[in-house]
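Student: Structure provided below as structure tokens; questions to follow.
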Amino acid sequence: MNLLRLAFVLFVANGLTIGGGYAMIPLLQREFVDHYHWLTNKEFIDAIAIGQVTPGPLTVMNAFMGFKIGGLAGALIAMAASYLPCIIIVTIVTNYYLRYKELWVVKAGFAGIKPAMVGLLAAVLFFLSTGSVINPVTKGIAVVSFAVLTFTKLDPSFIIIGAGILGAVVFR
Amino acid sequence: MSLRKIFLVFLKIGTLSFGGVYSMVAFFERELVEKRKWITHDEFMESFAIGQMTPGPPIVNTGICIGYKLRRLGGALAATCGQAFTGTILAILLAAFYLHMKDNPLLQAVMKGVGAAVVGLLGSIIYKMAARMITEYRSALLALGAFMALDLFKLNPITIILGAGVLGLALYWRE
């Protein structure tokens, strides 16, 4: 039953969100953490970190969470449920691209959804930061990683690995 | 071109491209357009546009679109599997390791640093998304409305997204 719910949440999250891999985070946080309590806020943040340092798209974090929830089967179902809506939608759109591009209904709908994603993600960041930005050192790490990623072109993986090493040195 | 070849090329792309969207896009273009000439630059740009304007992760969608152009549905599946393969295996291994070592003090210390960095990373993503997507008063209102709907009124994000889509129809009617 859990696996079915997991598949449903991921299917909806991937089929509805537009604006980058990060756009699915608010929806997943609400369902996985707040609603079903499959993961804690901290584990959810760790999943994002794993998705970021592993090669390929961020969506890989869904395999990590799927494994936590339902073992190997959970991970595989998570990936299938994440990619299925994309495959269905993209293959249809590719066929009708020229007509789809001109559809004002699609454009107007997405014009509303895209800025809303920014607001949702900002709200989720508040929930997430309460558990992990707790003292001067973690505050410093958060500020520095924000600055580095905003103003340089350094790959986020290096920041996460660097922060992990720093954490090992400081908090042990 | 065989499905196996499509799978293998996307396996390479999915394995060797880390992190940012733009490094992945550059990698796609080099492998598929310049080296192998499977698709033209224009076809690539069209695929990228489709990836951006469809729901789900843009990079995944771009790969699906290219695979579909090459070998229809089979190509789309081969591209998806190739692109996700290495990351998925690594994520499963890391998840097993993570659950096994959960109470290890060293791992906990590492994850404390990592968690803070993820918050900064998400902050930076939000900043960049906002700079790109919030361009005038309507988009600013939609962003603010979504923020308050989730933060203050605890509405379900699915409801908020669907509501924003409907509001978009009203605000951007026939533009």
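Student: Got a sec? How would B:Ile125, B:Ile39 order by Cβ neighbour count within 10 Å, fewest to most? Intermediate values should be presented prior to the final figure.
Tutor: Working: B:Ile125 22, B:Ile39 19.
Fewest-to-most ranking of B:Ile125, B:Ile39: B:Ile39, B:Ile125.
Student: Ratio to report: Rg/Rh of segment B:39-175, with Cα atoms as the point set and Rh obtained by the Kirkwood method; give two decimals.
Tutor: Numbers: Rg = 20.0 Å, Rh = 18.8 Å.
So for segment B:39-175, dividing Rg by the Kirkwood Rh gives 1.06.
Student: For the residues A:Arg5, A:Arg30, what sequence is obtained by ranking on other C-beta atoms within 10 Å, fewest first?
Tutor: Ranking A:Arg5, A:Arg30 by Cβ neighbours within 10 Å, fewest first, gives A:Arg5, A:Arg30.
Student: Could you state the principal axis extents of the C-alpha atoms in chain A, from the largest down, to the nearest angstrom?
Tutor: The Cα atoms of chain A stretch 56, 41, 27 Å along their principal axes.
Student: Any idea what the dipole of segment B:3-99 comes to, in debye rounded to 20, about its Cα centre with Lys/Arg Cβ at +1 and Asp/Glu Cβ at -1?
Tutor: Values: 10 positive and 6 negative charges, 84 e Å.
About 400 debye.
Student: For chain A, set up a GNM with springs between Cα atoms under 10 Å and report which of A:Ala81, A:Ala116, A:Ala147 has the largest fluctuation.
Tutor: Largest GNM mean-square fluctuation: A:Ala147.
Student: To continue, here is another question. If R0 is 22 Å, what FRET efficiency do you get for B:Met45 and A:Asp155 from their C-beta distance, rounded to 0.05?
Tutor: Working: r = 24 Å, r/R0 = 1.08.
The calculated FRET efficiency here is 0.40.
Student: Sticking with this structure for a sec: Considering only DSSP states other than H, G, I, E and B, which trypsin sites (Lys or Arg not before Pro) in segment B:131-167 qualify as loop sites with at most 11 other Cβ atoms within 10 Å?
Tutor: Numbers: sites: B:Arg132, B:Arg138, B:Lys154; in loops: B:Lys154.
The qualifying sites are B:Lys154.
Student: Can you list which of the DSSP-assigned H helices in chain A have a Cα extent of 30 Å or more along the long axis and an average Kyte-Doolittle score of at least -1.0? Please list the in-between numbers first.
Tutor: Details: long enough: A:61-95 (37 Å, 1.54); A:104-132 (42 Å, 1.43).
Helices meeting the span and hydropathy rule in chain A are A:61-95, A:104-132.
Student: Using Cα pairs closer than 8 Å and at least 6 residues apart in sequence, work out the relative contact order for chain A, in percent.
Tutor: Worked out over chain A, it gives 25 percent.
Student: Let me ask something additional. Quick one: how many lysine pairs does chain B have with C-alpha atoms less than 27 Å apart and a gap of 8 or more or different chains? Give me the count, please.
Tutor: Close lysine pairs found across chain B: 11.
Student: Taking 0.36 nm per residue of sequence separation and subtracting the Cα-Cα distance, how much length would be gained by fully extending the chain between A:Ile134 and A:Trp104, in nm to one decimal? The partial results should precede the final answer.
Tutor: On the way: separation 30, 0.36 × 30 = 10.80 nm, distance 4.58 nm.
Once the chain is fully extended between A:Ile134 and A:Trp104, it gains 6.2 nm.
Student: Here's another thing I want to ask about it. Counting C-alpha atoms alone, how compact is segment B:48-125: give Rg to one decimal and Dmax as a whole number, in angstrom.
Tutor: 17.5, 50
Student: What are the ³J(HN,Hα) couplings of segment B:66-75, residue after residue, when phi is run through the Karplus curve with 6.51, -1.76, 1.60 and θ = phi - 60°? Round to Hz, x for glycine and proline.
Tutor: Listing the rounded values in order: 5, x, 5, 5, 6, 9, 6, 4, x, x Hz.
Student: Determine, for each peptide in B:93-102, A:118-127, A:44-53, the mean count of other beta carbons within 10 angstrom over its residues, then list the peptides with the highest first.
Tutor: Working: B:93-102: 15.1, A:118-127: 23.2, A:44-53: 25.5.
Order by mean packing, descending: A:44-53, A:118-127, B:93-102.
Student: Can you compute the charge dipole magnitude of chain B about its Cα centre, using +1 on each Lys and Arg Cβ and -1 on each Asp and Glu Cβ, nothing else charged? Give it in debye, rounded to the nearest 20. Intermediate values should be presented prior to the final figure.
Tutor: Working: 17 positive and 10 negative charges, 96 e Å.
Result for chain B is approximately 460 debye, rounded to the nearest 20.
Student: Using each residue's phi in segment B:160-167, evaluate 6.51 cos²θ - 1.76 cosθ + 1.60 at θ = phi - 60° and report the 3J(HN,Hα) Karplus result to the nearest Hz, with x for Gly and Pro.
Tutor: 5, 5, 5, x, 5, x, 5, 4
Student: Could you give each residue of segment B:137-153 its phi-based ³J(HN,Hα) in whole Hz, using Karplus coefficients 6.51, -1.76, 1.60 with θ = phi - 60°, and x for Gly or Pro?
Tutor: 5, 5, 5, 5, 5, 4, 5, 5, x, 5, 4, 5, 4, 7, 6, 8, 9
Student: Counting alpha carbon pairs within less than 8 Å and at least 6 residues apart, what relative contact order, in whole percent, applies to segment A:1-101? List each step's numbers first, then the result.
Tutor: Details: 100 pairs, mean separation 30.3, N = 101.
Reported as a whole number, the value is 30 percent.
Student: Can you sort B:Trp173, A:Trp104, A:Trp38 from fewest to most other Cβ atoms within 10 Å of each residue's own Cβ?
Tutor: Values: B:Trp173 10, A:Trp104 13, A:Trp38 20.
Exposure proxy ranking, most exposed first: B:Trp173, A:Trp104, A:Trp38.
Student: Hey, if you drop one equal point scatterer on each alpha-carbon of the protein assembly as shown and run the Debye formula without solvent, what base-10 log of I(q)/I(0) do you get at q = 0.15 Å⁻¹?
Tutor: -1.33
Student: Now for a different question. Convex hull volume of the Cα atoms in segment B:3-99, per residue, in Å³? Please report the intermediate quantities before stating the final value.
Tutor: Details: hull volume 9.5 nm³, N = 97.
Each residue corresponds to 98 Å³ of Cα convex hull volume.
Student: Mind checking the dipole of the protein assembly as shown: about its Cα centre, +1 per Lys or Arg Cβ, -1 per Asp or Glu Cβ, Debye to the nearest 20?
Tutor: Values: 28 positive and 16 negative charges, 89 e Å.
The dipole of the protein assembly as shown has a size of about 420 debye.
No value in this document is a laboratory result; all are computed from the given coordinates. Fair warning: this is a prediction, and the values are worked out from it, not measured in the lab. Please note: Cβ atoms are built from the backbone with ideal geometry, for glycine as well, and neighbour counts cover all protein chains shown.
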